[in-house]
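Derivation of every value follows stated rules applied to the coordinates shown; laboratory data play no part. Every value quoted in this text rests on a predicted model; they were computed, and no experiment measured them. Because the Cβ atoms are built from the backbone with ideal geometry, glycine has one as well, and the counts that use them run over all protein chains shown.
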Amino acid sequence: MNMDLPGTSRARTRLLLLVLLVPMAAVNLLAFIVPVVRLGMISFLESRSGGVLTDTFTLANYADFFTDHFSYQLVWNSLLMAFIVTLGTLICAYPIALFLHRVGPRWRNLLFVVTVSPLLVSSVVRTYGWMVILGNSGLINGLLQGIGLTEAPVRLMNNAFGVYVGMIEILIPYMALALIAGFGRLDAVYEEAAATLGANPFVRFRRIVFPLTMPGVLLGCLLCFVLAISSFITPKLLGGGRVFLLATEIYDQAVVQLEWTRAAATSVIVLAIFGLALALYSRLSQRYE
C-alpha cells in the first residue's frame, strides 16, 4: 500500500495553494498595485506646460493642495455628498432588504432579481434618464406646472439636489445586496420572544432587528460611501459643472488642464480618504461581531 507521509501531504497542499494564489496575485499586482504605485510616484514629480512630466522630485503638488482653500472646499463637498448619499441610500434600501429577508421563498428569488435588475443598465444611461426626469422640461416639472403648483420650472438639476437623487437611485442595489448579505444573524425567533414580553414593533426594531443587522449596514455604508465619493459621471452630468467634487476636479486637472502631477496628488488624497473609511469600518465592525 502506497501511503504519503504527513510532511509530503502538507507540502503538496502548500504547493496547490501557491498555484491557486499566483494568478490572483498576478492580476492584483498588474491591475492594482503597480498603477497605484505609479500614481504615487507621479504625484511627487514636476510637470511642464502641456502635461510633460519631468524627473524632478518635488512636494509642491501636495503643498499646493493643502494651502489652497478650494481644495478644502472640495474635500468638504465630497465628504458631505458621500455622507448624504450613503444615508439616503440606507434609508431607501433597508426596508427593501428587510422585506426580501422576510418574504417567503416563493417570491424571494423574483423580488431579488427585480431589486438588482437596475445593475443591468449602465449608470450613464440611468443618469441621462434622470436628466430627462429632472430637467426644466422634464416629467416632474411638467407635472407640477400641469396641475398648477408652479408657474416656472423648479430647478431640480445642475445643483447638489440632482446629484443626490441620481446617486441614491444608482447605489440602492449595491446597498440592498450588502444589507441582505449581512442579515444572516437576524432570526424571527428573537422578535417573537420580544413580542411575547410586550415589546412593540418600534422597540423590537430598535433593540433587536437593527443591532443584529449592523454588520450589513456597516458593509453597505462603506461600499456606498466609497462609490459615492469616487463617482464622476453622475455628479458631472446632473451637477452641470456647478457641483465641485474631488472626482470632477481630478478629471479637470488631468484632461482639461493637463496637470497630471496635481491630478495624481489629488487622487492619492482620495485614496487616503478611502483608507480612513476602511479603518473606521474595521473599528466599528469589531463591536458587532
Next on the checklist: Compute the distance from the alpha-carbon center of segment 89-154 to that of segment 33-66, in whole Å.
Outcome noted: 42 Å
Checklist entry - Where the eigenvalues come from the Cα gyration tensor of segment 1-97, what are the semi-axes √(5λ) of the equivalent ellipsoid, largest first, in whole Å? => result 46, 30, 10
Checklist entry - If you take the alpha carbon radius of gyration of segment 105-202 and divide it by 2.2 N^0.38 Å, what ratio comes out, to two decimals? => result 1.59
Checklist entry - How many nm separate the modelled label positions at L280 and M214, each set 7 Å beyond the Cα in the direction of the Cβ? => result 1.6 nm
Item to check | Net length gained if the chain between L143 and V114 were fully extended (0.36 nm per residue, minus Cα distance) | outcome: 7.7 nm
Next on the checklist: Sort S285, S47 by Cβ crowding within 10 Å, fewest neighbours at the top.
Outcome noted: S285, S47
Next on the checklist: With 10 angstrom as the radius, rank M41, M167, M131, M24 by how many other C-beta atoms surround their C-beta, starting from the fewest.
Outcome noted: M24, M41, M131, M167
Next on the checklist: Please identify the DSSP H helices in the chain that span no less than 24 Å along the helix axis (Cα) and have a mean Kyte-Doolittle hydropathy of 0.5 or more.
Outcome noted: 6-28, 69-102, 160-181, 260-285
Checklist entry - Roughly what would the spin-label model give for R126 and R102, points 7 Å off Cα along C-beta, in nm? => result 2.5 nm
Item to check | Footprinting exposure proxy for H69, H101 (fewest neighbouring C-beta atoms within 10 Å first) | outcome: H69, H101
Item to check | Equivalent ellipsoid dimensions for the chain as semi-axes, Å, which come from the Cα gyration tensor, largest first | outcome: 37, 36, 18
Checklist entry - Of F32, F205, H69, whose Cα points farthest to the positive end of the dipole of the chain (charges on the beta-carbon: +1 Lys, Arg; -1 Asp, Glu; origin at the Cα centre)? => result F205
Checklist entry - In debye, nearest 20: dipole of segment 70-288 around its Cα centre with unit charges on the Cβ of K, R (+) and D, E (-)? => result 460 debye
Item to check | Charge sum, other residues only, whose C-beta stays under 14 Å from D187's C-beta, Lys/Arg counted +1 and Asp/Glu -1 | outcome: +1
Checklist entry - Please state the relative contact order of segment 70-288 as a whole percent: Cα pairs under 8 Å, 6+ residues apart? => result 28 percent
Checklist entry - Going through segment 145-240, which GluC sites (Glu not before Pro) have at most 15 other Cβ atoms within 10 Å and a DSSP loop state? => result E151
